[in-house]
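These notes are about the structure you will find just below.
The values are calculated or read from the model by the stated rules, or taken from the named source; none is laboratory data. Source: prediction; values computed, not measured. Backbone-built Cβ (ideal geometry, glycine too); neighbour counts: all protein chains shown.
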Amino acid sequence: MHHTITTQRLTLIAATAEELRAAARKPKKLPQIMGKCTPLNDDLRYYRNKGGIYDAKADLLDIYPEEWLLCTAWQLCLDGMLIGECGFKGLPIEGMAEIGYALRVTYQGHGYMSEAVKALCRYAFVNDPRIDVIMAQTKRRNINSQNVLQGCGFVREDRRDWYTHWRLKRT
């Protein structure tokens, strides 16, 4: 059984450790493994570095199965297709959890990631009392990602090196 979060247009599906481990060797197979479709105009750059991420998340889920909210890769499902993913980068440290996300190019600019990030942050604040702040970082030139965070209520903290750091506090 998958844990899910439903928004107006999307269903966020928590991938299991078994699904992530199976997809670690061939990340392009994750939609098939989860019983979903891949968009026809699939962007191969979307899969860059996914294998290592899936392996690490599967390891975390094996060690902390009850921490699925924070340790999985939440798959964004639109009309039966996996169009992107978001998730936390591990357990909270001193009340802070970090979020990351990726969306297939074809689906960018339609508000899907803003919808998903808002829903996942809200869900995390409601369901995990350890989290007081959700952090994110974007490349300084990634204006689209910065717009997602700003639209979700994140506040820009600072700019270091090539990254801009953001925070969303529990209200």
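Residue by residue, here is whether (1) at pLDDT 95 or above; (2) of a type in the set (Ser, Thr, Tyr) holds:
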site: GLY80; (1), (2): no, no
site: GLY87; (1), (2): yes, no
site: TYR101; (1), (2): yes, yes
site: VAL105; (1), (2): no, no
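Exactly one residue among ARG170, ARG140, ARG156 is out of contact with any Cys (no Cβ under 9 Å at 6 or more places or on another chain), over 22 Å from ASP55 (Cα atoms) and without any contact (Cβ under 8 Å) to a residue 24 or more places away in the chain, and that residue is ARG156.
If you go through the range 118-134 and keep only what is outside any helix (DSSP H, G or I) and buried (at least 18 other Cβ atoms within 10 Å of the Cβ), you end up with ILE131, ILE134.
What are the residues in the range 101-110 that are surrounded by 14 or more Cβ atoms within 10 Å (Cβ to Cβ) and either touching a helix residue (DSSP H, G or I) at 6+ places or on another chain (Cβ under 9 Å) or without any contact (Cβ under 8 Å) to a residue 12 or more places away in the chain (or both), if any? Answer for the range 101-110, where residues must be surrounded by 14 or more Cβ atoms within 10 Å (Cβ to Cβ) and either touching a helix residue (DSSP H, G or I) at 6+ places or on another chain (Cβ under 9 Å) or without any contact (Cβ under 8 Å) to a residue 12 or more places away in the chain (or both): TYR101, ALA102, LEU103, ARG104, TYR107, GLN108. When each of GLU157, GLU115, GLU67 is tested for being under 28 Å from LEU30 (Cα atoms) and either over 13 Å from the mean Cα position of the chain (by Cα) or assigned to a strand (DSSP E or B) (or both), the lone residue that passes is GLU67. I'd like the residue in the range 25-61 that is in a helix (DSSP H, G or I) and of a type in the set (Ser, Thr, Tyr) and, out of all such residues, is modelled with the highest pLDDT. Looking at residues that are in a helix (DSSP H, G or I) and of a type in the set (Ser, Thr, Tyr), I get TYR54.
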